[in-house]
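All of the numbers you see were taken from the coordinates with simple rules; none came from a lab. Everything numeric here is computed off the predicted structure, so don't read it as measured data. When we count neighbours, we look across all protein chains shown, and the Cβ atoms used for this are built from the backbone with ideal geometry, even at glycine.
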Amino acid sequence: MEKPQRSLSIQQVANLLGVSKRTVRRLVDDGRLGAFLVRGGSLRVTEQSVLNFQIEAIRAYREARFWCDKE
């Protein structure tokens with residue numbers, strides 16, 4: 001049996017990332033956050049996809065700082 005994924009609501013993700021719910025939906029639509037529909041039509045975002053998104057954002061920030069500091 002497959003282990004269920006931990007998930008968060010759109011509002012919880014928006015609060016964690018410091019963005020609007022609309023931005024979270026856009027990130028889901030763009031495939032940058034993994035999500036699924038639950039019974040009743042609510043959208044849930046997987047906790048792992050939020051963690052991966054945060055890791056990638058940190059990497060991008062560090063890389064940008066590295067190149068800006070070289071100039």
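Worth a mention:
- Each residue of the range 17-28 was assigned a 3J(HN,Hα) from its phi angle through the Karplus curve 6.51 cos²θ - 1.76 cosθ + 1.60 (θ = phi - 60°); the sequence is 8, x, 10, 7, 4, 4, 5, 4, 4, 5, 5, 5 Hz, with glycine and proline shown as x.
- For the range 37-49, Karplus couplings with θ = phi - 60° (6.51, -1.76, 1.60), whole Hz, Gly/Pro x: 8, 9, 3, x, x, 6, 8, 10, 9, 5, 4, 5, 5
- Residue order, fewest to most beta carbons within 10 Å, for Ser9, Ser49: Ser9, Ser49
- For Val19, no residue whose modelled amide H falls within less than 5 Å of its own remains once neighbours fewer than 5 places apart on the same chain are excluded.
- Interchain or long-range residues, amide H under 5 Å from Ala35's placed H: Thr46
- Evaluated with a Cβ-only charge set (Lys, Arg +1; Asp, Glu -1), the range 7-70 carries a dipole of roughly 160 debye about its Cα centre, given to the nearest 20.
- Ordering Phe53, Phe36 by the number of other Cβ atoms within 10 Å of each residue's own Cβ, fewest first, gives Phe36, Phe53.
- Note on Glu63 and Val38: the model spin-label points, each 7 Å out from Cα along the C-beta direction, lie 3.4 nm apart.
- Residue (of Gly31, Gly18, Ile55) at the positive-pole extreme of the range 7-70, dipole from beta-carbon charges: Gly18
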